[in-house]
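Take a look at this one; I'll ask things after.
The values are calculated or read from the model by the stated rules, or taken from the named source; none is laboratory data. As the structure is a computational prediction, the values presented were derived from the model and not from experiment. Glycine also receives a Cβ, built like all others from the backbone with ideal geometry; neighbour counts cover every protein chain displayed. In case anyone asks, the SASA skips ligands and DNA or RNA and just uses the protein heavy atoms, side chains included. Shrake-Rupley method; radii C 1.70, N 1.55, O 1.52, S 1.80 Å.
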Amino acid sequence: MKLAQRTTRIGESATLKVSRRAKELARQGIEVIDFGAGEPDFDTPQVAVEAARRALAEGFTRYTPAAGIPELREALAARYAAEHGAPWSAADVAVTVGAKGALFQLALTLFEQGDEVILPTPAWVSFAEQIRFNGAEVIEVPTSADDGFTLHADALIEAMSERTRAVIVNSPSNPTGGTISPADLRRLAAACAERDVVLISDETYERFVYAGEHASVAPLIRDFPDHLVLVGSFSKTYAMTGWRLGYLFAPAPLLKAVLDVQSHSVSNPTSFAMKGALAALESAGPDVERMIAQYSARRDYLIPNLNALAGVRCRPPAGAFYAFPDVSSCYRDDLQDSGAFAEYLLEEARVAVVPGGAFGDDDHVRISFACSRETLGRGLERIAEALGTLAPRV
């Protein structure tokens, strides 16, 4: 069958591929410890579940406005006004089918052949795929493990050209946990506005910050109203990955274009799921605090234990729920990159990790600590045993 040429620009998500392979082994009766999934192991807060159940029971199962139910959009605007002083209203936000849906629709409406999009790397696997799918060119700006993969405005500004259409910032970052400071984010926003470049801030992991403070574009919107986009998600913060709900705040012309796309693709986010999200936003704060405390404790347990493994080096992530250790000292003639290393751990240790090459850094692998401390401990034991069987490096 002849497929559209643009389909050749993308492949299967590397993170979903690892998860799929782990589940295939599990179906064969093989126990795999899955450090690959970027998915909270907690249950969705009960207030959200009950609200969605109640909506179903009351027959709230029909189409909604393409932008989502008004009360959820109003609550989102109110939250950013209260926390950041942002002047947004319900008219400035659209609820989407996950943050991934928001980002994909932004790519569809903004990027085309001849455009350049600046992307700090290592980066979440779907950013580059979405950019290339729409014909634009990815301009990678590497970050460094030496300073915890911190995002620096100067390097991003220096990479801009006359063809630059957008800069995408994901802070805290998947996969590194790296962050950008408020001062650097302001400087970057000013540079984007001056050059008529859109700054897309993916703040999916905004609540997962262990060092410093989260830098959001929300407080900057009064100064740069025409060039800032904020993308958020219910998936990680509220353990609602399967509910597929995200949102974006954007300037009016861009928001309209995104909603035009959404109206012809998914029509609207799922009606009763939005009722659950509204309840989570309004009442699940204590649940979120408990989950974040658990993630912080897992981080504190995982990082020193990773550094105790032969050939592994890992800095504590400033945010998100991933470790991104350098495993290049473990490479051998028959184990020459992160893909081969991840395959080795899966086949020999029955531990699933994501190759760093999928994110743009082949010296590392991504390990999710969205799992219990007991699971982390068992996985570390298996990895230690597998690394102990490696032939000495020549």
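In Å², what does the accessible area per residue of the chain work out to with a 1.4 Å probe?
Numbers: 17010 Å² over 394 residues.
It amounts to 43 Å² per residue over the chain.
Which log10 I(q)/I(0) values does the chain give at q = 0.07, 0.10 Å⁻¹ under the Debye formula, counting every alpha carbon as one identical point scatterer?
At q = 0.07, 0.10 Å⁻¹ the computed log10 ratios are -0.32, -0.66.
Oh, and also: Using only Cα atoms, what is the ratio of the radius of gyration of the range 234-377 to 2.2 N^0.38 Å?
Against the empirical 2.2 N^0.38 Å value, I get 1.35 for the range 234-377.
Further, regarding this structure: Spelling out what I want: for every residue of the range 252-259, take phi, set θ = phi - 60°, compute 6.51 cos²θ - 1.76 cosθ + 1.60 (Karplus), and round to whole Hz; glycine and proline get x.
Once θ is set to phi - 60°, the couplings for the range 252-259 become 3, x, 6, 4, 4, 5, 4, 5 Hz.
Let me ask something else about it. With a ≥ b ≥ c the root eigenvalues of the C-alpha gyration tensor of the range 100-179, is it rounded (a/c under 1.5), prolate (a/b larger than b/c) or oblate? Let's see the in-between values first.
Working: a/c = 2.41, a/b = 1.42, b/c = 1.69.
Oblate is the answer for the range 100-179, as a/c is 1.5 or above yet b/c matches or exceeds a/b.
Another question about this same structure. Between rounded, prolate and oblate, where does the range 137-265 land on the alpha carbon gyration tensor, with a ≥ b ≥ c its root eigenvalues, rounded for a/c under 1.5, else prolate if a/b exceeds b/c? Don't jump to the answer; show the numbers that get you there.
Details: a/c = 1.64, a/b = 1.07, b/c = 1.53.
Oblate, because a/c is 1.5 or more while a/b does not exceed b/c.
Probe radius 1.4 Å, ligands and nucleic acids ignored: give me the carbon and sulfur share of the accessible area of the range 239-300 as a rounded percent.
Working: 1390 of 2560 Å².
Solvent-exposed carbon and sulfur of the range 239-300 make up 54 percent of the total.
Still on this structure, please answer the following. Taking the Cα centre of the chain as origin and charging only Cβ (+1 Lys, Arg; -1 Asp, Glu), how large is the dipole, in debye to the nearest 20? Please report the intermediate quantities before stating the final value.
Numbers: 38 positive and 51 negative charges, 208 e Å.
Its charge dipole is roughly 1000 debye.
Give me the distance in nm between label points sitting 7 Å out from Cα along the Cα-to-Cβ direction at S329 and A26, one decimal.
My value for the distance between the label points is 3.3 nm.
If a/c stays under 1.5 just call it rounded; otherwise compare a/b with b/c (prolate if a/b is bigger, oblate if not). Do that for the range 1-63, with a ≥ b ≥ c from the square roots of the Cα gyration tensor eigenvalues. If you can, show how the numbers build up before the last one.
Working: a/c = 2.76, a/b = 1.35, b/c = 2.05.
Oblate.
Can you run phi through the Karplus equation (6.51, -1.76, 1.60; θ = phi - 60°) for the range 205-210 and list ³J(HN,Hα) in whole Hz, with x for Gly and Pro?
With coefficients 6.51, -1.76 and 1.60, one gets 9, 4, 7, 9, 10, 10 Hz.
Considering only DSSP states other than H, G, I, E and B, which trypsin sites (Lys or Arg not before Pro) in the range 340-394 qualify as loop sites with at most 11 other Cβ atoms within 10 Å? Present the calculation step by step, with values, prior to reporting the outcome.
On the way: sites: R350, R366, R373, R378, R382, R393; in loops: R350, R393.
Answer in residue order: R393.
Okay, next question. Using DSSP to call loops (not H, G, I, E or B), can you name the chymotrypsin sites (Phe, Trp or Tyr not before Pro) in the range 29-75 whose Cβ has at most 12 other Cβ atoms within 10 angstrom?
On the way: sites: F35, F42, F60, Y63; in loops: F35, F42, F60, Y63.
Those satisfying the criteria are Y63.
Oh, and also: Taking 0.36 nm per residue of sequence separation and subtracting the Cα-Cα distance, how much length would be gained by fully extending the chain between A211 and D300, in nm to one decimal?
Length gained between A211 and D300: 30.8 nm.
Let me ask something else about it. Antiparallel versus total DSSP beta bridges in the chain: what percent is that, nearest 5?
Numbers: 16 of 37 bridges.
The antiparallel fraction comes to roughly 45 percent.
Here's a follow-up. Calculate log10 I(q)/I(0) of the range 1-138 for q = 0.17, 0.20 Å⁻¹, where I(q) comes from the Debye formula with a single equal point scatterer on each Cα and nothing for solvent.
-1.22, -1.22
Within the range 143-250, which GluC sites (Glu not before Pro) sit in a loop by DSSP and count at most 13 neighbouring Cβ atoms inside 10 Å? Could you put the intermediate results ahead of the total?
On the way: sites: E158, E162, E194, E203, E206, E213; in loops: E162, E203, E206, E213.
Passing both the DSSP loop test and the Cβ count: E162, E213.
Sticking with this structure for a sec: On a C-alpha basis, how far is the centre of the range 108-133 from the centre of the range 325-375 in Å? Whole number, if you could?
The range 108-133 and the range 325-375 have Cα centres separated by 25 Å.
Quick one: if you take sqrt(5λ) for each eigenvalue of the C-alpha gyration tensor of the range 148-202, what semi-axes come out, biggest first, whole angstrom? Walk me through the intermediate numbers first.
Values: eigenvalues 74, 24, 19 Å².
Sorted largest first and rounded, they come to 19, 11, 10 Å.
How many angstrom separate the Cα center of the range 200-257 from the Cα center of the range 271-311?
What the calculation gives is 18 Å, centre to centre.
Rank H227, H84 by accessible area, highest first, at a 1.4 Å probe radius? Walk me through the numbers before you get to the answer.
Working: H227 30, H84 50 Å².
Sorted descending by solvent-accessible area, the residues read H84, H227.
How much of the accessible area of the range 1-52, in percent, comes from carbon and sulfur atoms when a 1.4 Å probe is used?
Details: 1750 of 3320 Å².
Percent of accessible area from carbon and sulfur atoms in the range 1-52: 53.
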